[in-house]
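Structure, as structure tokens:
Any read-out appearing in this document is the output of simple, stated calculations on the displayed coordinates, not a laboratory observation. Quick caveat, the model's predicted, so the values are computed rather than measured. Counting neighbours? That spans all protein chains shown, and the Cβs are built from the backbone with ideal geometry, glycine included.
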Ligand code: CAA
């Protein structure tokens, strides 16, 4: 499988995915979106040797400066709706990924780029990173889930202010608001994300998957997250991994999880 505009590097079961259109500040064009869709729709779920994914942008300036404005500037209403729907579908694949996905935000994360970071399970920001949803400057609104996920992360009052004013916030403010998990020196975002994913890779993979699904259930209409947790807890109790994890604890040794 080849992925236009993405550079893939798999080490120690951690897949680092770099969006590689530096001259356009890694703006997400349709080819990139298609690559992300195939990556998270097929490549990652079908690959047994991936325990976590890091998403980042090429160069020191941008994670991604949004959807590619040059590409959709003359879109009709129908074309715009299709673009938005594809973005939603792709970002849901990321949010629902069975392995954790961390955005290593190395610069601007704007519009569709901020929305992409928000679809990931965690965000690590370099100290010079900037976040924002500037779509209203273009006479648009966010189209890849920004009106929903920003509210989930930072609450309605602040989210609606940022969405209406198009103000950008720096990494420290994003951290204060709860949008970002950690702020680190610029250039070390991937390293920090890797450290977190390596820690998670030592945990039971079924438990990791079920935690992601249960947290997502909180935000899924018509799903009772508490009920989902009861079902998932029961399911996890029936796995070999739970036998091994509890046995290892009692024998005062490290567990060897198999994902069964
Ligand atoms: N789409 C296409 N090209 C983009 C881009 C984008 N979103 N953002 C930057 N670029 C391009 C610029 O056009 C420029 O290309 P050229 O050299 O060919 O002119 C190159 O990247 C470098 O950008 P700048 O010269 O503008 O760099 P700067 O340092 O002066 O400014 C910036 C940086 C503040 C991020 C500025 O580029 C900017 O405001 N970009 C647009 C941000 C934006 O509006 N994003 C939302 C897009 S709409 C969206 O994402 C909708 C959605 O939710 C689905």
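Looking at the chain alone, DSSP beta bridges between its own residues are antiparallel in about 25 percent of cases. Dividing the mean sequence gap of close Cα pairs (under 8 Å, 6+ apart) by how many residues the chain holds gives a relative contact order of 16 percent. With the simple spin-label model, which puts each label point 7 Å out from Cα in the Cβ direction, the residue 31 to residue 157 separation comes to 4.6 nm. Compute the long axis of helix 156-165 from its Cα atoms, compare it with the longest principal axis of the Cα atoms of the chain, and write down the angle in degrees, 0 to 90, nearest 10. The angle comes out near 30 degrees. Projecting the alpha carbon convex hull of the stretch 21-122 along each direction and taking the average yields 6.1 nm². Rounded to two decimals, the Cα-based Rg/Rh of the stretch 136-224, with Kirkwood Rh, is 1.04. Think of it as helices only: each DSSP H run of n ≥ 4 in the chain is worth -39500 (n - 2.57), and spread over all residues that comes to -13500 deg cm²/dmol at 222 nm.
Note on the stretch 176-260: the alpha carbon radius of gyration divided by the globular reference 2.2 N^0.38 Å gives 1.37. Distance from the C-alpha centroid of the stretch 39-92 to that of the stretch 132-186: 18 Å, rounded to the whole angstrom. Three semi-axes describe the equivalent ellipsoid of the stretch 205-250; taken as square roots of 5 times the Cα gyration tensor eigenvalues and ordered largest first, they are 24, 10, 7 Å.
Extension gain for residue 138 to residue 221 (0.36 nm times residue separation, less C-alpha to C-alpha distance): 26.8 nm. Rounded, prolate or oblate: which fits the stretch 112-260, taking a ≥ b ≥ c as square roots of the Cα gyration tensor eigenvalues, rounded meaning a/c under 1.5, else prolate when a/b beats b/c? Cα axes put the stretch 112-260 in the oblate bin. Angle of helix 240-250 to the longest C-alpha principal axis of the chain, folded into 0 to 90 degrees and rounded to 10: 70°. The packing ranking, built from the mean of other Cβ atoms within 10 Å per residue, places the peptides 90-99, 209-218 in the order 90-99, 209-218, highest first.
Considering only Cα atoms, the convex hull volume of the chain works out to 136 Å³ per residue.
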